[in-house]
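The values are calculated or read from the model by the stated rules, or taken from the named source; none is laboratory data. Quantities reported herein were computed from a predicted structural model and do not represent experimental measurements. Glycine gets a Cβ as well: all are built from the backbone with ideal geometry, and neighbour counts include every protein chain shown. Quick note on the areas: whole protein, heavy atoms, side chains included, nothing else; ligands and nucleic acids left out. Shrake-Rupley method; radii C 1.70, N 1.55, O 1.52, S 1.80 Å.
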Amino acid sequence: MDHQLPVFPSFNYEADKANASSHWNRWINRLENLFVAMGLEEDDDKRKRALLLHYAGERVYDIYDAEKGTSGDTYNATKGVLSNYFAPKKNIQVEIFAFRSYTQKHDQTLDEYVTELRRLAKHCNFENGDKEILTQIIQHGKSIRLRRRALREPDKSLAEILEMGRALELAETHAATIEKES
């Protein structure tokens, strides 16, 4: 019986050590999606662990072998050893600083900006992430019109402000098209 494993990239720790934590989290999430696509069951622990160590690559296997200690031979234990290695404990104040320092770029849409803010907010332990994101849009977003609308209507939710912002962006795009052809 021929069982061929699907192609899946190994985890390239060496490429960007400074951002290994976020890359590791994305990589492990994608691997777990592959497990679902392969039809692996929750209780198929040995196979998941073997696939994790296989797909992670030789360098990561060596790291695991050196760091495993008495962690156990389960998938979750193996994933935990590697997660602790690649994603050490975060300094919440540094994460909040990165979030608060992030401003909307000139060529970035509102939705792209909010997606990046959501990614940054994951590590900040905010009680109300949407409130913090709304504050960032008001303080560091590029649209002066949206900022003024949001300040004029302080009871609006993030979803409502995003709807307004999308409408303003679309209107700007349409106006630019018309003005360009006139």
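Just a few scattered comments:
- Scanning region 107-125 for residues that are more than 21 Å from Arg26 (Cα to Cα) and in a loop (DSSP other than H, G, I, E, B) yields Asp107, Gln108, Thr109.
- Taking first residues from region 8-35 that are open to solvent by 70 Å² or more (accessible area, probe 1.4 Å) and partners that are assigned to a helix (DSSP H, G or I) and among the hydroxyl-bearing types (Ser, Thr, Tyr), the Cβ contacts under 9 Å between residues at least 6 apart in sequence or on separate chains come to His23/Tyr13.
- Contact map, region 93-108: residues that are more than 16 Å from Lys142 (Cα to Cα) and charged (D, E, K, R) paired with residues that are modelled with pLDDT under 95 and open to solvent by 40 Å² or more (accessible area, probe 1.4 Å), Cβ distance under 8 Å, separation 6+ or inter-chain. Pairs shown: Glu95/His123.
- Restricting attention to region 136-147 and to residues that are open to solvent by 80 Å² or more (accessible area, probe 1.4 Å) and not in a loop (DSSP other than H, G, I, E, B), the residue that is nearest to Ile96 (Cα to Cα) turns out to be Gln139.
- Selection status of Lys180, surrounded by fewer than 16 Cβ atoms within 10 Å (Cβ to Cβ), assigned to a helix (DSSP H, G or I), among the basic types (Lys, Arg) and modelled with pLDDT of 95 or more: no
- Within region 119-135, the set of residues being open to solvent by 30 Å² or more (accessible area, probe 1.4 Å), over 23 Å from Glu163 (Cα atoms) and under 14 Å from the mean Cα position of the chain (by Cα) comprises His123 only.
- For region 155-168, a residue qualifies if it is under 22 Å from Tyr102 (Cα atoms) and open to solvent by 60 Å² or more (accessible area, probe 1.4 Å), and the qualifying residues are Ala159, Glu160, Glu163, Arg166.
- Restricted to region 69-118, and to residues there that are at pLDDT 90 or above, basic (Lys, Arg) and closer than 30 Å to Tyr55 by Cα, the residue that is surrounded by the most Cβ atoms within 10 Å (Cβ to Cβ) is Lys79.
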